[in-house]
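Data block below; observations after.
The values are calculated or read from the model by the stated rules, or taken from the named source; none is laboratory data. Note that this is a predicted model, so its numbers are computed, not measured. Note that each Cβ is placed from the backbone with ideal geometry, even for glycine, and that neighbours are counted across all protein chains shown. Please note that ligands, DNA and RNA were not included when accessible areas were found on the heavy atoms of the full protein model with its side chains. Shrake-Rupley method; radii C 1.70, N 1.55, O 1.52, S 1.80 Å.
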Amino acid sequence: MPNSEKLAKKAMYFDKLVDLCVNSKGGALLVGVDHVRSKQMQEIRIALRSRAVVLMGKNTMIRKALQVGHESHPQAGLDRLRAAVNGNMGFIFATDCSLDDVREVVSKFRQPAAAKAGQVAQCDLSLPAGPTGMDPSQTAFFQALNIGTKIVKGQIELITETPVLKRGDKVSPGGAVLLGKLGVQPFEYGIEVEQVYQDDGTVFSAAVLDVKPEALVAKFLSGLGNMAALSREIGIPTEAGLPHAFGSAFRNVCALCAETDFLFQEMEPVRLFLQDPEAYSAAHPASAGGGGGGVADAAAILSRRRRE
C-alpha cells in the first residue's frame with residue numbers, strides 16, 4: 001500500500017477516535033480483548049449496531065491519536081485516557097444507549113476455551129476422584145504426572161481429588177494435555193470491561209458501574225447522619241442537624257408547657273398521650289414511636305422532669 005494511502009487511513013482513524021471521545025455524550029468503555037475471536041467481535045458489532053461504536057486499534061496509533069486530540073481539545077481529558085491505554089484493548093462508545101446496556105450485550109458473547117500451556121489460569125480446577133472414561137493404555141501418562149490411578153471395569157479411575165489449575169498460575173504442559181484428553185474446557189473468553197471514560201474527561205474502574213443506586217443512597221444517608229450527630233455534639237448548626245435541633249427544641253417546649261398547664265395546637269397530641277398512653281399508642285402507632293421529635297419522646301422528657 002502506498003505511503004499516501006497509509007497516511008490517509010491513519011488520519012481518518014485519528015479523526016474518528018478524537019471525534020468519538022469529544023462528542024460521544026454517553027461515554028465509553030475501555031475493554032480488553034485478549035483471546036477474543038474475530039467471530040465474537042463480529043457478533044458484538046452486529047448486536048451493538050446503531051447503538052454503540054466498537055473501535056479497535058494498535059496501542060501506538062491510539063496513543064498518538066489521543067496525544068494529537070489533547071492538543072486540540074485540552075478540556076476533554078484525553079491525556080488521562082491516553083494513560084489508561086495498555087495491552088490488547090479497544091473502545092466501545094455508547095452513542096444511543098447507556099454503558100450498562102453495552103455491558104449487558106457484551107456479557108452475552110462469551111465462549112468456552114481449552115487450557116493451553118503457558119496461559120494464566122482464570123480459575124481453580126481440581127479433578128474429582130472417580131472414573132475418567134479413559135482406557136488403561138493411558139496409565140503411563142498419569143504416572144508421568146504423578147497422579148495416582150487404578151483400573152476399575154476397564155477404565156482409569158483417579159484415587160484422590162487432583163488439583164490441576166490454580167488461579168493466577170500458568171497452565172503446565174501436562175495439565176493442558178490432561179484437560180484436553182478429558183475434554184474439559186475450563187476457561188471462558190470474551191470482551192472484558194476494564195475502565196470507563198466519561199465525556200467530562202474522567203477515567204475510572206469499571207467496578208464503579210456495579211455499585212447500585214440503593215447502595216449510594218444508603219452511604220449518603222449514613223454520612224448525613226454522622227454529620228448531623230457531629231454538628232449536634234460540637235454545637236455548630238448545620239443543615240443536616242436542623243431537623244434534630246428542631247425536634248429537640250419541640251420536646252423541651254412541650255415539657256415546659258405541660259409543667260405550666262399552657263397548651264398550644266401542636267402540643268395537643270402530647271396532651272392526649274399523657275392522658276392515656278396505651279390508647280393513644282394503639283390509635284397512632286407511627287406518631288407514638290421512638291422517632292426523632294415523636295410524641296412519646298416529648299412525653300418521656302416530661303415524665304423524667306416530673307420525677308426529678
Q: Being modelled with pLDDT of 85 or more, charged (D, E, K, R) and buried (at least 18 other Cβ atoms within 10 Å of the Cβ) narrows it down to one of 167, 103, so name that one.
A: 103
Q) residue 27 is checked against (1) in contact with a Phe, Trp or Tyr (Cβ under 9 Å, 6 or more places away or on another chain); (2) at negative phi and fails just one. What number does that condition carry? A) (2)
Q) Which ones in segment 23-36 are closer than 28 Å to residue 122 by Cα, in contact with a strand residue (DSSP E or B) (Cβ under 7 Å, 6 or more places away or on another chain) and assigned to a loop (DSSP other than H, G, I, E, B)? A) 33, 35, 36
Q) Which is among the small types (Gly, Ala, Ser) and open to solvent by 80 Å² or more (accessible area, probe 1.4 Å), of 137, 126? A) 137
Q.
Which count do you get for residues in segment 54-77 that are open to solvent by 40 Å² or more (accessible area, probe 1.4 Å) and within 26 Å of the chain's Cα centre (by Cα)?
A. 1
(Q) I'd like to verify a number: residues in segment 37-53 that are open to solvent by 10 Å² or more (accessible area, probe 1.4 Å), touching a residue at least 12 places away in the same chain (Cβ under 8 Å) and more than 15 Å from residue 101 (Cβ to Cβ), how many? (A) 3
(Q) Can you go through 45, 80 and tell me which one is under 22 Å from the mean Cα position of the chain (by Cα) and in a helix (DSSP H, G or I)? (A) 80
Q | Cβ pairs under 6 Å, 6+ apart, first in segment 75-92 and in contact (Cβ under 8 Å) with a residue 40 or more places away in the chain, second of a type outside the set (Val, Ile, Thr) and part of a loop (DSSP other than H, G, I, E, B) | A | 76/201; 77/201; 88/34
Q.
If residue 27 meets every condition in (1) in contact with a Ser or Thr (Cβ under 7 Å, 6 or more places away or on another chain); (2) open to solvent by less than 80 Å² (accessible area, probe 1.4 Å) apart from one, which number is that one?
A. (1)
Q | Single condition residue 71 does not satisfy, out of (1) outside any loop (DSSP other than H, G, I, E, B); (2) closer than 20 Å to residue 95 by Cα | A | (2)
Q: Give the residue, chosen from 199, 261, that is closer than 30 Å to residue 19 by Cβ, of a type outside the set (A, V, I, L, M) and outside any helix (DSSP H, G or I).
A: 199
Q. Cβ-Cβ below 6 Å, separation at least six or inter-chain, first residue in segment 113-124 and at positive phi, second not aliphatic (A, V, I, L, M): which pairs?
A. 118/170
Q: Look through segment 188-202, keep the residues that are touching a helix residue (DSSP H, G or I) at 6+ places or on another chain (Cβ under 7 Å) and open to solvent by 20 Å² or more (accessible area, probe 1.4 Å), and return whichever of them is farthest from residue 114 (Cα to Cα).
A: 195
(Q) Please verify whether residue 156 is of a type outside the set (Phe, Trp, Tyr), surrounded by 11 or more Cβ atoms within 10 Å (Cβ to Cβ) and in contact with a Ser or Thr (Cβ under 6 Å, 6 or more places away or on another chain), treating the condition exactly as stated. (A) yes
Q. Somewhere in segment 203-210, is a residue surrounded by fewer than 18 Cβ atoms within 10 Å (Cβ to Cβ), over 21 Å from the mean Cα position of the chain (by Cα) and not charged (D, E, K, R)?
A. no
